[in-house]
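**Student:** Let me give you the structure first, and then I'll get to my questions.
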Amino acid sequence: MAHIVILGGGIGGMTAAYDMKEQVGPNDKVTVVSEHPYFQFTPSNPWVAVNWRTREDITFELAPYLARKGIDCIAKAAKKVHPAENRIELIDGTFVDYDFLIIATGPKLAFDEVEGLGPEKFTHSVCAVDHAVKSGQAWEKFVADPGPIVVGAVQGASCYGPAYEYAMIMDTDLRRRKIRSKVPMTFVTAEPYVGHLGLGGVGDSKGMIESILRDRHIKWICNAKVTKVEAGKMYVAEHNDDGSVKKEHELPFKYSMMLPAFKGVDAVFGIEGLSNPRGFIIIDEFQRNPKYKNIYSVGVCVAIPPVEATPIPVGTPKTGYMIESMVTATVHNIRLAMDGKEPDHKATWNAVCLADFGDEGAAFVAIPQIPPRNVSWFKKGKWVHYAKVGYEKYFLNKIKKGNTEPFYERYVLKLIGVTRLHK
């Protein structure tokens, strides 16, 4: 009997749990260990942060849905992974032993790397549902007495889509309230240009995002390093392409949301051979850790180098379909390992992304996500807004049902050349 443990109950973790259960035998065991007892659909957090959604709209309890598939759930945070012992130490001092481990924790949010950053200090966040709820509460107070907004992502961030989404969604909400004229907005980003996205751009993302920001009267500062945040003021150093400081900005704000850099979670941080200096999990082409060959990893916690050198550090994002492709490769490779065979499945890391801007949106397809690419296009329109709304309902439903890749989804994506595995 083999025990496969998935550490993390997010998009990667839940997908891995369901898919792994389909691969194992009746005497094998699959267990999810999650810091939270609930699943949260993180892509909807920008809507929660302007109160277009509630917490209840985008979360559900893990245990009942996992139990329907015969998967165990332990809703406790992991204190430390002990890879040499094939066990996880939990926060309450108990241990979970495993034969195979899939690390899908997501990131630790490194607010502490910038003085004054984060929901416990002076800026808001849409990285977690708790943060988004708090942001939404502050938003209601803000619209009653509006002022300047500063929004974006700090140096080292690797997830830029939600920053653009939230900026545009706030703009849309303010226009609907007919108070947009009272709110100067500035987008601050470590990207070398808007629309870089940590991906070196996708299609004409640069030109389109610049056009959208101009149309919405949102100023922007790129190559930006946030040096400090105080109550109502953000200090930003804008850099030239050679890394020298171009201009120092002191930006007043009455409301701010800045995405932080990511790190690996404490449970895997500082384990030689398992994680890199930032705490991200080291993997080979089969999603497997080279030192501890019964450990695999998927999602945001995976170590991926930046796509190119930039004046200010810019990380590489891991988008939803890219994560799902990692999961598909992982579960097939674990099945092979259980049968005494070597892994041979490789994830495509293709990307299909929908970004909602409140009343329209932008979509891109990148095959693969990391350049050079076979396919790279970026489109915008009102249809993306409705597609994102529909996708939210669709994804929550398929995760509740435990069917992570319905045949019709596989068929439609294959028509546009998007598949999870290399042939």
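**Student:** Ala303 versus Asp344, label points 7 Å from Cα toward the beta carbon: distance in nm?
**Tutor:** For Ala303 paired with Asp344, the spin-label model returns 2.8 nm.
**Student:** Using a cut-off of 18 Å between alpha-carbon atoms, which aspartates and glutamates can reach Lys80, once sequence neighbours fewer than 8 places away in the same chain are excluded?
**Tutor:** Within reach: Glu35, Glu89, Asp92, Asp97, Asp99, Asp266, Glu272.
**Student:** What does the accessible area of Ile91 come to, in Å² to the nearest 10, when a probe of 1.4 Å is used?
**Tutor:** For Ile91, solvent-accessible area is about 110 Å².
**Student:** Related question: Under 5 Å between amide hydrogens, which residues at least 5 positions from Lys108 or on another chain qualify, with H placed 1.01 Å from N in the peptide plane?
**Tutor:** Placed amide hydrogens put Lys263, Gly264, Val265 under 5 Å from Lys108.
**Student:** For a bin width of 10 Å, list the pair-distance distribution of the stretch 106-166 built from all Cα-Cα distances, rounded to whole %.
**Tutor:** Histogramming the stretch 106-166 at 10 Å steps yields 18, 57, 23, 2 percent.
**Student:** So, one more: List the residues, sorted by chain then number, that are 5 or more residues from Lys29 or on another chain and whose placed amide H is less than 5 Å from its amide H.
**Tutor:** It is Ala2, His3, Ile4, by chain and number.
**Student:** Kindly report, to the nearest 10 Å², the accessible surface of Ser158 as traced by a 1.4 Å probe over protein heavy atoms only.
**Tutor:** 10
**Student:** Points 7 angstrom from Cα along the Cβ direction at Tyr38 and Thr419: gap in nanometres?
**Tutor:** About 3.9 nm, to one decimal.
**Student:** Please list 3J(HN,Hα) in residue order for the stretch 267-281, calculated via the Karplus relation 6.51 cos²θ - 1.76 cosθ + 1.60 where θ = phi - 60°; whole Hz, with x for glycine and proline.
**Tutor:** 5, 10, 6, x, 9, 4, x, 9, 10, 7, x, 8, x, 7, 6
**Student:** Now for a separate question. Using only the heavy atoms of the protein chains and a 1.4 Å probe, how would Asp339, Asp241 rank by accessible area, largest first? All intermediate terms of the calculation are to be shown ahead of the outcome.
**Tutor:** Values: Asp339 85, Asp241 130 Å².
The ordering from most to least exposed comes out as Asp241, Asp339.
**Student:** Ok, one more. State the antiparallel share, in %, of DSSP beta bridges confined to the chain, rounding to the nearest 5.
**Tutor:** Bridges in the chain that DSSP calls antiparallel: roughly 55 percent.
**Student:** Something else about it: If you project the alpha carbons of the stretch 124-224 onto the principal axes, what extent comes out on each, in Å, largest first?
**Tutor:** Result for the stretch 124-224: principal-axis Cα extents of 39, 30, 20 Å.
**Student:** Right, something else. If you average over every viewing direction, what projected area does the convex hull of the Cα atoms of the stretch 1-153 give, in nm²?
**Tutor:** Averaged projected hull area, Cα only: 11.0 nm².
**Student:** Roughly how many Å is it from the Cα centre of the stretch 323-387 to that of the stretch 208-250, as a whole number?
**Tutor:** Each part's Cα centre sits 30 Å from the other's.
**Student:** Over the alpha-carbon set of the chain, work out the extent along each principal axis and list the three values in angstrom, largest first.
**Tutor:** Principal extents (Cα only, largest first): 64, 45, 43 Å.
**Student:** Same structure again: Eigenvalues of the Cα gyration tensor times 5, then square-rooted: what semi-axes does that give for the stretch 192-350, in whole angstrom, largest first?
**Tutor:** So the equivalent ellipsoid measures 37, 19, 13 Å along its semi-axes.
**Student:** Let me ask another. Considering the Cα trace of the stretch 321-423, what is its radius of gyration and what is Dmax, both in angstroms?
**Tutor:** Looking at the stretch 321-423, its Cα Rg and Dmax stand at 15.4, 52 Å.
**Student:** What are the ³J(HN,Hα) values, in whole Hz, obtained from phi via the Karplus relation 6.51 cos²θ - 1.76 cosθ + 1.60 with θ = phi - 60°, for each residue of the stretch 314-329 in sequence order, with x given for Gly and Pro?
**Tutor:** Couplings: 10, x, 9, x, 10, 8, x, 5, 4, 5, 4, 5, 4, 5, 4, 4 Hz.
**Student:** Relative to the longest principal axis of the C-alpha atoms of the chain, give the angle of the C-alpha long axis of helix 382-401, reported between 0 and 90° and rounded to the nearest 10°.
**Tutor:** The answer is roughly 30 degrees.
**Student:** Write down the accessible area per residue of the chain in Å², having rolled a 1.4 Å probe over the full set of protein chains.
**Tutor:** So the chain comes to 41 Å² accessible per residue, rounded to a whole number.
**Student:** Would you mind getting the Kirkwood hydrodynamic radius of the stretch 360-403 from its Cα pairs, rounded to one decimal in Å?
**Tutor:** 12.0
**Student:** In terms of Cα to Cα distance under 26 Å, which lysines are near enough to Lys414, apart from those fewer than 8 places away along the same chain?
**Tutor:** Lys21, Lys318, Lys346, Lys379, Lys380, Lys382, Lys388, Lys393, Lys398, Lys400, Lys401, Lys423
**Student:** Leaving out ligands, DNA and RNA, what percent of the accessible area of the stretch 200-342 is carbon and sulfur, probe 1.4 Å?
**Tutor:** Solvent-exposed carbon and sulfur of the stretch 200-342 make up 51 percent of the total.
**Student:** Output ³J(HN,Hα) for the stretch 173-180: one whole-Hz value per residue in order, computed from phi by the Karplus curve 6.51 cos²θ - 1.76 cosθ + 1.60 with θ = phi - 60°, and x for Gly and Pro.
**Tutor:** Coupling constants for the stretch 173-180: 5, 5, 5, 5, 7, 6, 10, 4 Hz.
**Student:** What fraction of the Cα pairs in the stretch 26-93, stated in percent, has a spacing above 14 angstrom?
**Tutor:** 68
The values are calculated or read from the model by the stated rules, or taken from the named source; none is laboratory data. Being a predicted model, the structure only gives us computed values, none of them experimental. Every residue, glycine as well, gets a Cβ built from its backbone with ideal geometry; the counts of neighbours run over all protein chains shown. For accessibility, only protein heavy atoms count, side chains too; no ligands or nucleic acids. Shrake-Rupley method; radii C 1.70, N 1.55, O 1.52, S 1.80 Å.
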